[in-house]
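What follows draws every value from the coordinates through simple rules; no lab data is involved. Keep in mind it's a predicted model, so treat the numbers as computed, not measured. When we count neighbours, we look across all protein chains shown, and the Cβ atoms used for this are built from the backbone with ideal geometry, even at glycine.
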Amino acid sequence: MQMFERKHTHMKHQYKPNGVCAREIEFSLSGDNTISEVMISGGCQGNSAGIARLVVGMKVDDVISRLENIKCGARTSSCPAQLAQALKNYRSSAS
């Protein structure tokens, strides 16, 4: 079961990924659902930092459509796909 916790301070949100090396994904959104910050703990440090920087300034729906269904080797998911899942969970809990 995936855990998702909404934090109301500065629109920061945390997500516990499943099936990947990353242990936690934390992200912040501006009022118009634009990503303002992403931190991925664990996993491949360089790839996680690169993904985090690339998605800053993007809309939630755009990130989801670009990152969902990406696989990492033989795994059924990836850190980018788990970021997309975190954003989907946020989107569904916000509506």
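Our summary of shape: the Cα atoms of the stretch 3-94 have principal axis extents of 37, 24, 22 Å, ordered from largest down, in whole angstrom.
Once the Cα-Cα distance is subtracted from the 0.36 nm per residue extended length, the Ser92 to Arg23 segment shows a gain of 22.6 nm.
Shown for the chain: lysine pairs separated by 8 or more places, or found on different chains, whose C-alpha atoms are under 18 Å apart, numbering 8. Toward the positive end of the charge dipole of the chain, with +1 on the Cβ of Lys and Arg and -1 on the Cβ of Asp and Glu, the farthest Cα among Ala84, Gln45, Ala74 is that of Ala74.
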